[in-house]
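Peer 1: Here it is: the structure, laid out below.
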Amino acid sequence: MNGTRNTGGPAGSTAGPFCGHCGGAFDGAGLRAPESHRHCHGQLALEPPRYCAQCRRRMKVQVTPLGWTAQCSRHGVLVP
């Protein structure tokens, strides 16, 4: 962990070339394909991201009654 902290929440967790829910790549322009990630966008509103949007690595996610944190081994901690 490099100590960085992203507090962007679910919307910020998808700011990258990969989907935070399924880990799939977005199109060449870096934008979401309308149909291919529609389900993922809805799921990210309800649950924490499982994949780092920057590097596609699976994150260590901890869910508590008060919220959640997700940690990428390269990009640090993501909190809502």
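Peer 1: For segment 53-58, what does the Karplus curve 6.51 cos²θ - 1.76 cosθ + 1.60, with θ = phi - 60°, yield as ³J(HN,Hα) per residue in whole Hz, taken in order and with x for Gly and Pro?
Peer 2: Residue by residue, segment 53-58 yields 6, 8, 10, 6, 6, 6 Hz.
Peer 1: Which order do Leu66, Leu46 take when ranked by solvent-accessible area (1.4 Å probe, heavy atoms of all protein chains), largest first? Don't jump to the answer; show the numbers that get you there.
Peer 2: Working: Leu66 175, Leu46 145 Å².
Solvent-accessible surface, decreasing: Leu66, Leu46.
Peer 1: Within segment 42-65, what residues put their amide N at less than 17 Å from the label point 7 Å along the Cα-to-Cβ vector of Val79?
Peer 2: 48-49, 60-65
Peer 1: Please state the shape class of segment 38-79: rounded when a/c is under 1.5, otherwise prolate if a/b exceeds b/c and oblate if not, all from the C-alpha gyration tensor.
Peer 2: Working: a/c = 2.58, a/b = 1.10, b/c = 2.33.
It comes out oblate by the Cα gyration axes.
The values are calculated or read from the model by the stated rules, or taken from the named source; none is laboratory data. None of the values given here were measured: they were computed from a predicted structure. Ideal geometry is used to build each Cβ from the backbone, glycine not excepted, and the neighbour counts take in all protein chains shown. What goes into the accessible areas is simple: the full protein's heavy atoms, side chains included, and nothing from ligands, DNA or RNA. Shrake-Rupley method; radii C 1.70, N 1.55, O 1.52, S 1.80 Å.
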